[in-house]
Structures are given as C-alpha cells and as structure tokens.
Amino acid sequence: MTKLSLDWATTTEELDKKGFASVSSFLSSEICDEFIENYKKQGLYRKTVVMERHRSGLGKYKYFEYPLPGVVQTIREELYPKLAPIANSWMKQLRMETRFPETFGDLQSLCRQNNQTKPTPLILKYGEGGHNTLHQDLYGEVFFPIQLAILLNEPGKDYTGGEFVLTQQTPRAQSKAIVLTPRKGDIIIFTTNFDL
C-alpha cells in the first residue's frame, strides 16, 4: 500500500473547531470491496458481537485478530503520529496531565503495560433497520481520544439511510446532533471523549 496522504493543516483545524474531520475518497473502492469480501473469512477475526444481545443496536461487528490486515496496520501507524500532537494539544488546553507517545508502537507498548493486549479495530455490518445506539468506544485505562471510521459501501446504491451521527454535549445546554453522510471510501476522524 502506498503512503497515506491527508491535508493535515485542514484536518487539524476541523478537529479543533468541530471535534471531527471528514476526508473524501480516503480508501479506493477496490480496497473497500476487499474488506467486504473478507468479512466472511473467520480466521481474520477474534470475536463477533451481535449488537441486539447487548442492547447496543441492530447488526453485527467483528474485532480483527492480530496480525491486522495490512491496510488497517498502515492507517494506524501513519495517522497516529499526526493525531498524537492534536490530542496532546487538547490535553494541555484541558489542563490534563495525560500525554500520548509520538509513535503508534510506543502507544501499543503503553497499552501492553496496562494489560490491554487485544486488538480493537473492528468491522460493522448492518442489515435492514440496522443501527448503532449512541455510545463512546473506550477500552481500558489507556485510550486515545480520537477515533477513525471508514465507510465501505456507497449510500443510495448499496443501502438507504445510514447517516453517521455524532453528538456534541455542552455543559448546561442540550446535546447537539451532527449528521454526516459519508460516501464509500470516506474517512471520518472524530473525538471519542473530548470536545473543545
């Protein structure tokens, strides 16, 4: 896979202003199709979760097993060093002592030191009426406050509906819903726990 390219000045500005950034055509249609095709390959995943059983929505998701698919590992290794300074800037502004390492390898070492050894990247599959309840994906004591989601299907062609909903909570005010309609291959970079 070639090196990933993003306009980091714009991405940083959007994250700081809105708490999320959206990048069009981040992955090619072919790579998206490969992920969809591989969904049925059992050896790639460590666990399958049926969301209805946990009252977290309607659909299924599977956690990838190590070794992660090359594309997933590349995204983690190449985007994390660009996102870590953003997260550290937020920690400083919030007067929090937490600081994140410069490299993804160092973050993984920190997770291992805290007995967080299972891979957390996952793939979701929805059918008719499928949805996720509003939630934050936080695993263990060590967690990075920025998450990525990539759409693998084309809205209006492969499905209808399926908006990506983020909520913004402001002290002493009502929550605000932000509704996004990403297309196939688009990536959404968003906060998992903090909103400035």
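Based on the Stokes-Einstein relation at 37 °C and a viscosity of 0.692 mPa s, and on the Kirkwood radius from alpha carbon pairs, region 8-191 is assigned a translational diffusion coefficient of 184 µm²/s.
Think of the chain as a dipole: +1 on every Lys or Arg Cβ, -1 on every Asp or Glu Cβ, centred on the Cα centre; then among Leu58, Thr74, Asn153, Leu58 lies furthest on the positive end. Simple spin-label estimate for Glu141 and Gln168 gives 3.4 nm between the two label positions (7 Å along the Cα-to-Cβ direction from each Cα).
In the elastic network of the chain, a GNM with C-alpha springs shorter than 10 Å, the most mobile of Glu37, Glu65, Glu78 is Glu37.
In the chain, once you exclude exposed trypsin sites (Lys or Arg not before Pro) (DSSP loop, at most 11 other Cβ within 10 angstrom), what's the longest stretch remaining? Looking at the chain, 100-156 is the longest stretch - no exposed trypsin sites (Lys or Arg not before Pro) with at most 11 other Cβ atoms within 10 Å. For the chain, relative contact order (Cα pairs under 8 Å, six or more residues apart, normalised by length) works out to 31 percent.
Calculate for the chain the 222 nm mean residue ellipticity that helices alone would give, adding -39,500 (n - 2.57) per DSSP H run of length 4 or more and normalising by residue count, nearest 500 deg cm²/dmol. It comes out at -9000 deg cm²/dmol, rounded to the nearest 500.
For Lys125, a cut-off of 25 angstrom between C-alpha atoms picks up these lysines, skipping any fewer than 8 places away in its own chain: Lys40, Lys41, Lys47, Lys60, Lys62, Lys157, Lys184.
Read-outs: derived from the displayed coordinates by stated rules, not from any lab. Note that the structure is a prediction, hence the values are computed from the model and not measured. Positions of Cβ are backbone-derived with ideal geometry, glycine not excepted, and every protein chain shown enters the neighbour counts.
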